[in-house]
2 protein chains.
Amino acid sequence: MNMQAFSKQVGLSAYTLRYYEKIGLLKNIRRNASGHRSYSNKDREWVGFIVRLKETGMPLENILQYAELREIGKGTLVERQQLLEQHQAYLTRHIALQLSHLEALESKINWYKSNKMN
Amino acid sequence: MNMQAFSKQVGLSAYTLRYYEKIGLLKNIRRNASGHRSYSNKDREWVGFIVRLKETGMPLENILQYAELREIGKGTLVERQQLLEQHQAYLTRHIALQLSHLEALESKINWYKSNKMN
DNA sequence: TTACAAGTTAGAGTTCCCTCTAAGTCAATT
DNA sequence: AATTGACTTAGAGGGAACTCTAACTTGTAA
């Protein structure tokens, strides 16, 4: 799969995909005869996971850490699990915070609604 | 209330508080005889709301928009309510997304857990 | 009365995460 | 043979949100 199609599929610009490769988040992307990148299904899965981590607020540096452990292989399974569990804890806290913010926002909106009839 | 104490209370650095003033997010902060800022309870409430909006992912530019409407006065109640309702919708979607990400993360963690016994 | 802490300003610097530019290559079409 | 379009690279540029520096003032305490 070429750059353009892959970019559309994963929702990242070609610039961003090259950037992720530059910083080491993506490795060993296959090239075709003319030197163009050719993305595989494995690449799609991996980028999908990167996007998930990113969308939940994990900085690229931390994702990179995970990526490097993954690169090393089976010996790092425990460490990777720990990283994800830490992030899970963070995300759980984050969601709780967002929910409380949503409540506060709703009560502010209700204040506006009741103030309309003044 | 002076800079230092206020900074601690609202959880923003003195730098950030000055920066917010510079970009117009904070206005008419009282000054004492020696020209130092003196924050009021109203200021604390307003900064608290700014922080809430910021923590739920609203860009400063949008918060500034709300701030400017607020500055104008009662005539902008409807507009402000609309802004908040848009943000409420955004936040609701955001939380739903985060929850789905959390689920996916948990199933990934479970995969790690079951792979331990290989 | 000199030292120190806490403030002030304008403006420069930093971090994160892209995003774009310039110059070039390659394969397919006209 | 020339044009088109999608790619390639290294490295520059950009926006958001701070964060810090330098030079200065002011009030308190020793």
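The values are calculated or read from the model by the stated rules, or taken from the named source; none is laboratory data. None of these values were measured; they are calculated from a predicted model. Glycine also receives a Cβ, built like all others from the backbone with ideal geometry; neighbour counts cover every protein chain displayed. Calculation scope for accessible area: heavy atoms of the full protein, side chains included, ligands and nucleic acids excluded. Shrake-Rupley method; radii C 1.70, N 1.55, O 1.52, S 1.80 Å.
Candidates in region A:35-56 are the residues that are among the β-branched types (V, I, T) and assigned to a helix (DSSP H, G or I); of these, the one that is nearest to A:I95 (Cα to Cα) is A:V51.
The conditions of being under 12 Å from the mean Cα position of the chain (by Cα), more than 14 Å from every other protein chain (Cβ to nearest Cβ) and within 12 Å of DNA strand C (Cβ to nearest atom) are met by A:L60.
Is it the case that some residue within region B:76-88 is touching a Ser or Thr at 6+ places or on another chain (Cβ under 8 Å), part of a helix (DSSP H, G or I), within 12 Å of another protein chain (Cβ to nearest Cβ) and within 28 Å of A:H94 (Cα to Cα)? Within region B:76-88, one or more residues are touching a Ser or Thr at 6+ places or on another chain (Cβ under 8 Å), part of a helix (DSSP H, G or I), within 12 Å of another protein chain (Cβ to nearest Cβ) and within 28 Å of A:H94 (Cα to Cα).
Every condition in (1) of a type outside the set (S, T, N, Q); (2) over 16 Å from the mean Cα position of the chain (by Cα); (3) closer than 22 Å to B:N110 by Cβ; (4) within 16 Å of DNA strand C (Cβ to nearest atom) is met by A:V51 except one, and the failing one is (2).
Scanning region A:2-32 for residues that are part of a loop (DSSP other than H, G, I, E, B) and open to solvent by 90 Å² or more (accessible area, probe 1.4 Å) returns A:K27, A:N28. Taken over region B:38-53, the criterion of being out of contact with any Leu (no Cβ under 8 Å at 6 or more places or on another chain) and open to solvent by 50 Å² or more (accessible area, probe 1.4 Å) is satisfied by B:N41, B:K42, B:R44, B:E45.
A search for C-beta distances below 7 Å between a residue of region A:34-45 that is without any contact (Cβ under 8 Å) to a residue 40 or more places away in the chain and any residue that is within 13 Å of DNA strand C (Cβ to nearest atom) and open to solvent by 50 Å² or more (accessible area, probe 1.4 Å), counting only pairs 6+ apart in sequence or on different chains, returns A:H36/A:N2; A:R37/A:R31; A:S38/A:N2; A:S38/A:R31; A:S38/A:N32. Could you grab me the full set of residues in region B:2-38 that are more than 11 Å from DNA strand C (Cβ to nearest atom), more than 14 Å from chain A (Cβ to nearest Cβ) and on the phi > 0 side of the Ramachandran plot? Across region B:2-38, the qualifying residues are B:G24, B:N28. Residues that are charged (D, E, K, R) and at the interface with chain A (Cβ under 7 Å from one of its Cβ atoms) within region B:89-112 comprise B:E106, B:K108, listed in sequence order. Checking B:R70 against (1) at the interface with another protein chain (Cβ under 10 Å from one of its Cβ atoms); (2) over 30 Å from A:Q82 (Cα atoms); (3) among the charged types (D, E, K, R); (4) surrounded by 14 or more Cβ atoms within 10 Å (Cβ to Cβ): exactly one of these is not met. Which one? Answer for B:R70: the failing condition is (1).
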